[in-house]
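What follows draws every value from the coordinates through simple rules; no lab data is involved. Fair warning: this is a prediction, and the values are worked out from it, not measured in the lab. All Cβ positions, glycine included, derive from the backbone under ideal geometry; neighbour counts span all protein chains shown.
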Amino acid sequence: MKKIMLVCAFVLGVSAVSFAQGGGRMNQTPEQQLERFKTQIAGITDAQSAKLMVIYQAQAKSMDSLRKANEGGDMMALFPKMQPIQNGYNAKIKALLTPEQATAFQKQLDERAERMKQFQQ
């Protein structure tokens, strides 16, 4: 009986940890993405926020359709399809930013690309 309880506690603990890790960037709503962006890039105006929200909503639709088409498939195979879409949205975002904001955004993109290279290795 003690073994069964121990196994149940272990499974519950593992599921709790995996659930907590599931809320990564890929699962953020456009609203959450915008709030995160505003905290990372200084000086975002209300006009920029409105335009960014439109971009993030369109991006969410595009990415969701890709994920649904790949339902149950290999996520690593999905990344090469997502990359050109993501690059297009990043270019739209950069076009809305001031030169200083665009530089900070590019720095973030470069750091993210480096993390992805490390992840793939």
field: Single unsatisfied condition, THR103 versus (1) over 21 Å from GLN40 (Cβ atoms); (2) surrounded by 10 or more Cβ atoms within 10 Å (Cβ to Cβ)
entry: (1)
task: Go through region 89-110 residue by residue and tally those that are without any contact (Cβ under 8 Å) to a residue 12 or more places away in the chain and either small (Gly, Ala, Ser) or at positive phi (or both).
output: 3
field: Residue pairs meeting the criteria (Cβ under 8 Å; at least 6 apart or on separate chains; first free of Cβ contacts under 8 Å to residues at least 40 places away in the same chain, in region 33-55; second among the acidic types (Asp, Glu))
entry: MET53/GLU31
Which listed residue, of ALA69, ALA77, is exposed (fewer than 10 other Cβ atoms within 10 Å of the Cβ), of a type in the set (A, V, I, L, M, F, W, C) and over 19 Å from LYS38 (Cβ atoms): ALA77
